[in-house]
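The values are calculated or read from the model by the stated rules, or taken from the named source; none is laboratory data. This one's a predicted model, so the numbers in the text were calculated from it and none came from an experiment. Here the Cβ is made from the backbone with ideal geometry for all residues, glycine too, and neighbour counts use every protein chain on show. Quick note on the areas: whole protein, heavy atoms, side chains included, nothing else; ligands and nucleic acids left out. Shrake-Rupley method; radii C 1.70, N 1.55, O 1.52, S 1.80 Å.
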Protein chains: 2
Amino acid sequence: MTQLDRSEALALLASVSLGRIVFTQNALPTVRPVNHVIDRGQIVLRTHAGAALTLQTGRAGNGGVVVAYEADAIDPVTHLGWSVIVTGYARLVDDPEDLARYHAMLEPWVAQTMDHAVRIRPDLVSGFRLTAQPLAG
Amino acid sequence: MTQLDRSEALALLASVSLGRIVFTQNALPTVRPVNHVIDRGQIVLRTHAGAALTLQTGRAGNGGVVVAYEADAIDPVTHLGWSVIVTGYARLVDDPEDLARYHAMLEPWVAQTMDHAVRIRPDLVSGFRLTAQPLAG
């Protein structure tokens, strides 16, 4: 297992479209799979009006709420791959131009109206790569 | 998107070996990819002495700590697949027989001594399947 530096980790995150958003709901940890894009160094997700994340970030206003975001690609047979974990403030996007741009960049995978977007600033970025062990001898 | 019932969701979780454990560390949400087995209806993970999850569950004793556990298989091209999310109490396994059994059942994917095990009781189980949309007409 080798640690990734910030730029490697963010490049791997940008190379995939599926991740998991981790947040606290009613004082309990929770997690949802979502698709994302990276835009200007931030992670962007689309959400709907009733989503817990929309409500939480909406209530928090510009202060945002702390979330974690994780993506990985680990082969279940070889056990090789990588994982990236970001922690940062998530904020509801309220700028209409940004929102329109994200709607054009990011197609939700679920057939549901996704009128909102949440943007995560990657404050802490960590990650690792699982590599084959060198053979002894 | 169709909701899964508890038994379907647990069967899908048992069909894969990789998931993500979600917990709270220093009041912040965090997440780690891990491999698991399902044993007698509980999710079992192996951990090491220095892992945050080992320390937290060790401190919590028999009361356990609330965690979420997520696994998914979503095709990035077709966007079809499933996700299962479990919430429940995680406890450090202290019974030596159980620990020996888990060591035999579950090989860690990381080359690191993994002397401990954590068991999660699935109290809340939810999940969904992303299916192709019916064609109009």
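Taken as a whole, the condition of being β-branched (Val, Ile, Thr), touching a residue at least 24 places away in the same chain (Cβ under 8 Å) and more than 14 Å from chain A (Cβ to nearest Cβ) does not apply to B:Val86.
Can you list the strands (runs of 3 or more DSSP E) lying wholly within segment A:32-137 that have 3 or more residues being modelled with pLDDT under 90, open to solvent by 60 Å² or more (accessible area, probe 1.4 Å) and touching a Pro at 6+ places or on another chain (Cβ under 9 Å)?
Where strands (runs of 3 or more DSSP E) fall fully within segment A:32-137, none carries at least 3 residues being modelled with pLDDT under 90, open to solvent by 60 Å² or more (accessible area, probe 1.4 Å) and touching a Pro at 6+ places or on another chain (Cβ under 9 Å).
Looking at B:His116, B:His79, which one is free of Cβ contacts under 8 Å to residues at least 60 places away in the same chain, over 19 Å from A:Ala27 (Cβ atoms) and over 13 Å from the mean Cα position of the chain (by Cα)? The match here is B:His79.
Within 12 Å of chain B (Cβ to nearest Cβ) and buried (at least 17 other Cβ atoms within 10 Å of the Cβ) - does that describe any residue in segment A:4-16? No, segment A:4-16 has no match at all. Might you let me know whether segment A:26-45 holds any residue that is within 11 Å of chain B (Cβ to nearest Cβ), more than 15 Å from the chain's Cα centre (by Cα) and at negative phi? Yes; the residues of segment A:26-45 include at least one that is within 11 Å of chain B (Cβ to nearest Cβ), more than 15 Å from the chain's Cα centre (by Cα) and at negative phi.
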